[in-house]
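Input: a single structure, listed below in structure tokens.
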Amino acid sequence: MLLFALVVSAAFAFLSRRTMHDRLRYTMWSVIVFLVAAIGLGWLMYLFQK
Amino acid sequence: MPSQENRNPLAALLIGILGWLVPGSGHLLLRQWGRGLGVFCTVAAMAGIAMAVRGRLFLLATNDFFDLLGFAADCGMGIFFYIAQKWSNGGPDVAHAAGDYGTRFFAAAGVLNVLAAVDAYRIARGQEEEDEGKEDDADTPSSHRTEHSDADPASELQLSPAGVPGVPPELPAEVSRGESIAVKQEPPASDETKRSTES
């Protein structure tokens, strides 16, 4: 999951940002959002388990 | 920066198609080296990981709607779709989680490559520059005023400290709004200093 988040975030960063510094910042921010969303949704689904 | 010649719709379409066929090539043709290499490396990395963990590659020979969606996503990889078909690693490993991840990596690589191809097309058409211009105007509406507000209006106008009574100071040909307000405030200050000296 971490690898997926890292690669997808890097792709988004290269497409949406111009400078390397902005790309790195965006990649880090995007990875964090990916992980938080994935873990959060996982716990949310846990609430609805049988 | 794309030149004016690249705003030809047909050339932009060709750049988009080439960008889909070979990931990153559209941006490289537009001389955006960072984006082109970044797109190529990320799409290649995802396709390589998917091939290494034996993900499933969807083919056109299917009647299932979701398999067709998977085929459409995998096709987005361009030349990596062909390479993955020829890659023999024991077939797809759908019995394990790694193989399932590989299937998702294939689809994500395809979708990202299509996104990059569309981005290359938009850059070639000049649409990205227009969007960035609109974002700059929305984010910093006073960006033009900061050039004038940072400078001291009085020093910009080079007014003499005492001035000549009854004679308005000569203004330069182009005066911004901020400078004109400062000029208007000058005469009352000189009258007040006169009254204070007289009293």
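The values are calculated or read from the model by the stated rules, or taken from the named source; none is laboratory data. As the structure is a computational prediction, the values presented were derived from the model and not from experiment. Neighbour counts are summed over all protein chains in view; Cβ atoms, including those assigned to glycine, are modelled from backbone coordinates with ideal geometry.
Where in segment B:80-156 are there helices (runs of 4 or more DSSP H), lying wholly inside it, with at least 1 residues that are surrounded by 11 or more Cβ atoms within 10 Å (Cβ to Cβ) and either among the acidic types (Asp, Glu) or modelled with pLDDT of 80 or more (or both)?
Those helices (runs of 4 or more DSSP H) span B:97-125, B:127-139.
Restricted to segment B:8-66, and to residues there that are closer than 20 Å to A:PHE12 by Cα and in a loop (DSSP other than H, G, I, E, B), the residue that is farthest from the chain's Cα centre (by Cα) is B:VAL22. Annotation note: Cβ proximity below 7 Å between a residue of segment A:19-37 that is more than 19 Å from A:MET1 (Cα to Cα) and a residue that is in a helix (DSSP H, G or I) (sequence gap 6+ or interchain) occurs for A:ARG23/A:ALA13; A:ARG23/A:PHE14.
If you go through segment A:19-40 and keep only what is exposed (fewer than 14 other Cβ atoms within 10 Å of the Cβ) and facing chain B (nearest Cβ under 8 Å), you end up with just A:MET20.
Listed by first and then second residue, the pairs with beta-carbon distance under 7 Å, at least 6 apart or on different chains, first residue in segment B:86-113 and outside the structural domain of B:ALA44 (by TED's automatic domain parsing), second at pLDDT 85 or above, form an empty list.
Report whether or not A:PHE14 is farther than 24 Å from B:GLN127 by Cβ, assigned to a helix (DSSP H, G or I) and facing chain B (nearest Cβ under 9 Å).
On the way: farther than 24 Å from B:GLN127 by Cβ: no; assigned to a helix (DSSP H, G or I): yes; facing chain B (nearest Cβ under 9 Å): yes.
Criteria not met by A:PHE14.
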